[in-house]
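Step one of this worksheet: look at the structure below.
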Amino acid sequence: MQQIPPTQTPSQPLHPVLAGQSCTLSLYWRQTRLYLDLNVGAQVICRGALCENLAGIVQSPSRHFNGSLHFLDLEGNRPPHWQELHTGRAGRYALLFVE
């Protein structure tokens with residue numbers, strides 16, 4: 001398991017290497033919910049995936065992405081909010097990659 005530390009901003013790109021895969025994650029806030037887009041290299045894995053507590057963000061298996069992404073509410077069971085993203089030092093919602 002690997003933690004991916006976002007910043008506490010409503011929209012942001014992240015560029016982690018996950019299990020040797022060069023990924024681009026785009027987190028963005030729409031209305032009252034957090035969403036995620038995922039690319040591995042130039043390959044689109046998912047667009048507009050709703051972020052929930054503990055649920056797998058990538059809903060369809062892909063031969064281009066090995067693993068799963070999850071948000072974990074460290075204080076309860078609520079969907080993630082951008083103002084409380086866990087940055088690696090503080091925050092309520094951790095973004096995790098499970099190989």
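Just to check I understand the Karplus step: with θ = phi - 60° and J = 6.51 cos²θ - 1.76 cosθ + 1.60, what whole-Hz values come out for the stretch 7-17, glycine and proline as x?
Values, residue by residue: 9, 8, 10, x, 8, 6, x, 10, 10, x, 9 Hz.
Express in % the proportion of alpha carbon pairs of the chain at distances exceeding 19 Å.
33 percent
Once the other residues with Cβ under 13 Å from the Cβ of Leu72 are scored (Lys, Arg +1; Asp, Glu -1), what is the net sum?
Values: positive: Arg78, Arg92; negative: Glu52, Asp73, Glu75, Glu84.
Spelling it out: positives minus negatives among the neighbours equals -2.
Explain nothing, just compute: Karplus ³J(HN,Hα) = 6.51 cos²θ - 1.76 cosθ + 1.60, θ = phi - 60°, for every residue of the stretch 58-64 in order, whole Hz, x for Gly and Pro.
7, 8, 10, x, 9, 6, 9
Could you tell me whether the stretch 47-95 comes out rounded, prolate or oblate from its Cα gyration tensor? Rule is a ≥ b ≥ c as square roots of the eigenvalues, rounded for a/c under 1.5, then prolate if a/b exceeds b/c, otherwise oblate. Don't jump to the answer; show the numbers that get you there.
Values: a/c = 2.41, a/b = 1.97, b/c = 1.22.
Prolate is the answer for the stretch 47-95, as a/c is 1.5 or above and a/b outweighs b/c.
Once you put a point 7 Å from the Cα of Thr7 and another 7 Å from the Cα of Leu50, both along the Cβ direction, what distance in nm separates them?
Label-label distance for Thr7 and Leu50, simple model: 2.9 nm.
Hey, if you put +1 on the Cβ of every Lys and Arg and -1 on every Asp and Glu Cβ in the chain, which of Gln2, Asn39, Leu18 ends up farthest toward the positive end of that dipole?
Asn39
Could you run the Karplus curve 6.51 cos²θ - 1.76 cosθ + 1.60 with θ = phi - 60° over the stretch 21-32 and give me ³J(HN,Hα) per residue in whole Hz, x for Gly and Pro?
Coupling constants for the stretch 21-32: 9, 7, 10, 10, 10, 10, 9, 8, 9, 10, 6, 10 Hz.
Pick out which of Arg30, Arg47, Arg78 has the largest mean-square fluctuation in a Gaussian network model of the chain, springs linking Cα atoms closer than 10 Å.
Arg30
Share of the chain's accessible area from carbon and sulfur, percent, 1.4 Å?
Details: 2680 of 5530 Å².
C and S atoms contribute 49 percent here.
Counting only heavy atoms of the protein chains, get the accessible area per residue of the chain (1.4 Å probe) and round it to a whole Å² value. Before the final figure, lay out the partial values.
Details: 5530 Å² over 99 residues.
Value returned for the chain: 56 Å² of accessible area per residue.
The values are calculated or read from the model by the stated rules, or taken from the named source; none is laboratory data. Bear in mind the structure is a predicted one, so any value in this text is a computation, not a measurement. Every residue, glycine among them, receives a Cβ derived from its backbone with ideal geometry; neighbour counts consider all protein chains shown. Heavy atoms of the whole protein, side chains included, go into the accessibility calculation; ligands, DNA and RNA do not. Shrake-Rupley method; radii C 1.70, N 1.55, O 1.52, S 1.80 Å.
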